[in-house]
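Here's the structure we're looking at; comments come further down.
The values are calculated or read from the model by the stated rules, or taken from the named source; none is laboratory data. Just so you know, these numbers come straight off a predicted model, no measurement behind them. Positions of Cβ are generated from backbone atoms using ideal geometry, with glycine treated the same way; all protein chains shown enter the neighbour counts.
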Amino acid sequence: MGKKRVIFYLIDGARPDILQKYAQQGHLPNMKKHFLEEGSYTKGTTCFPSTTGPAYLPYLCGSFPGDHHITGIRWFDKDAFKKGRWGRNAMRSYCGYEAKYFNEDMNPDYPSLFETYPGGLNIYNMITKGVEEENDLTRVGKSKLYTRAHFKKIHHPVDKLGHARLMEAIENEFQFIFAVFPSIDWDSHYHHYDHEETLEAYKIADQSVGEVIQKLEEKNWLDDTLIVMASDHGLTSTKVHLDVAKFFRKQGYRTLAYPTIWTLFPQVAVFISGNSFASVSFLDQEGFYFTDQLMKKHGQALTAFVENEAIDFILTRKNATDISVINKDGEALIKVKDGQMSYEAITANPLGLENTNKWLNDKEAFDYCFDSDYPDAFVQIKQLFASHRSGDVVVSANVGYDLRDFWEIPEHLGSHGSLHKEHIHVPILMNKKDLLPQPIRTTEVYHLIRSHLDG
Ligand SMILES: [Zn+2]
């Protein structure tokens with residue numbers, strides 16, 4: 001038996017239904033043949049928030065954003081802020097120059113595949129912990145290409161260059177390659193998730209897989225190579241924007257939010273991720289707020305907030321272990337005990353699930369929620385609230401809405417980040433048979449990669 005290898009294609013923002021549709025229509029012949037027909041496919045679940053960056057962590061580390069205290073593409077740390085607002089760990093936005101802190105912010109208890117398998121090669125992925133500089137194959141020229149892609153909406157050359165780097169890389173010995181193809185996400189944001197430009201982005205990834213497989217065959221490496229293709233979140237089209245920071249300002253709160261983080265004497269901090277997820281922290285109290293106290297102090301603003309049509313539900317800590325799920329109709333509870341979970345509608349049923357009437361472990365909780373509107377809701381809420389950086393209030397937007405104003409240039413027409421199935425479900429494909437007999441979390445992909453490389 002030859003040396004075991006893995007090539008991971010992270011097709012950012014691909015939706016399972018769209019990928020399958022394009023494959024059935026004959027647009028993606030390589031994915032159809034090597035994955036859907038001769039390999040394995042399942043619809044999996046990503047993490048909460050379902051947003052680029054944090055949602056790569058399950059694949060690369062087998063752990064969730066909450067495990068790393070990287071609770072969004074932007075986060076706020078009330079404890080650290082109270083100690084000194086300009087402290088290094090008071091707040092973060094990985095969208096700008098602070099992206100470079102992502103690696104250091106990661107929890108060393110969950111090493112990346114690059115650390116476990118030294119010598120791994122990286123293409124465009126922002127998480128480079130454990131990647132030696134010369135193995136970060138797109139580090140030169142990436143920011144220029146990305147800027148042009150962003151402002152001029154010229155996306156596809158980025159993926160095509162990534163493919164070229166990938167082809168060069170597999171000329172030589174390798175063990176693990178992680179390649180991000182970002183255009184499906186970008187085209188979906190700036191056009192639509194089902195648009196001719198987006199289709200073109202899927203086709204680039206498809207063609208890449210075809211050429212890579214042909215090359216591996218020539219080298220006689222294909223049998224020992226596991227090719228994984230997966231995305232980090234779904235995406236829905238955005239029709240209405242509700243700017244959460246503006247909302248709280250209108251309610252009379254001095255509000256700290258990117259990009260105006262210098263607000264004096266802020267009363268509330270609002271941090272948005274993927275545009276359909278927000279974390280809100282109230283600064284008039286040290287430590288966490290629990291639901292009843294929070295409603296006593298800020299109930300007026302929060303009641304008006306959940307009544308807004310953009311808001312699906314909010315999450316708050318009921319007590320030290322349990323989490324309230326609150327929508328405009330009322331409250332339900334996710335209870336957590338010894339790592340197990342239960343769900344009970346109290347005055348409303350925001351998740352639309354039957355009461356569990358018993359404790360569920362992680363596996364049972366996955367099965368319980370998978371076909372609902374909120375796949376893996378219990379475990380995802382549990383992992384997020386295990387971090388002190390979750391904030392006092394976590395917001396999940398309704399489909400069709402996002403939580404920032406349209407000042408972003410160019411305007412986003414697509415959103416993700418929420419706990420809704422249209423953001424949580426992701427396609428997972430592999431070129432080997434029988435690897436995906438049932439739906440899985442994206443953390444399981446990490447374990448499948450490890451068992452291939454170690455096996
Ligand atoms: Zn993404």
#### Entry: Condition broken by Tyr258, with the remaining ones in (1) in contact with a Leu (Cβ under 6 Å, 6 or more places away or on another chain); (2) modelled with pLDDT under 95 satisfied
(1)
### Query
Tell me, which helices (runs of 4 or more DSSP H) lie completely within the stretch 118-237 with 1 or more residues that are touching a Lys or Arg at 6+ places or on another chain (Cβ under 9 Å)?
156-169, 183-190, 196-218
### Matching residues, the stretch 7-65, being within 23 Å of Leu166 (Cα to Cα), within 16 Å of the ligand (Cβ to nearest atom) and assigned to a loop (DSSP other than H, G, I, E, B)
Asp12, Gly13, Ala14, Thr52, Gly53
### Query
With respect to Gly234, is the statement that it is more than 22 Å from Tyr446 (Cα to Cα), surrounded by 24 or more Cβ atoms within 10 Å (Cβ to Cβ) and within 16 Å of the ligand (Cβ to nearest atom) true?
no
### Residue in the stretch 411-448 that is surrounded by the fewest Cβ atoms within 10 Å (Cβ to Cβ), counting only those that are of a type in the set (Asp, Glu) and more than 16 Å from the ligand (Cβ to nearest atom)
Asp434
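If I ask for residues that are outside any strand (DSSP E or B) and touching a helix residue (DSSP H, G or I) at 6+ places or on another chain (Cβ under 8 Å), which ones from the stretch 278-300 would you list?
Leu283, Asp284, Gln285, Glu286, Gly287, Phe288, Tyr289, Leu294, Met295
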### Message
For the structure I just gave you, tell me whether Lys83 is touching a residue at least 24 places away in the same chain (Cβ under 8 Å), farther than 24 Å from Ile123 by Cα and not assigned by TED's automatic domain parsing to the domain that holds Tyr289.
### Response
no
## Note on the structure
Expected output for the stretch 10-33 (first residue acidic (Asp, Glu), partner buried (at least 20 other Cβ atoms within 10 Å of the Cβ), Cβ below 7 Å, 6+ apart or cross-chain) is Asp12/Thr52; Asp12/Val180; Asp12/Phe181; Asp12/Pro182; Asp12/Ile184; Asp12/Asp185; Asp12/Ser231; Asp12/Asp232
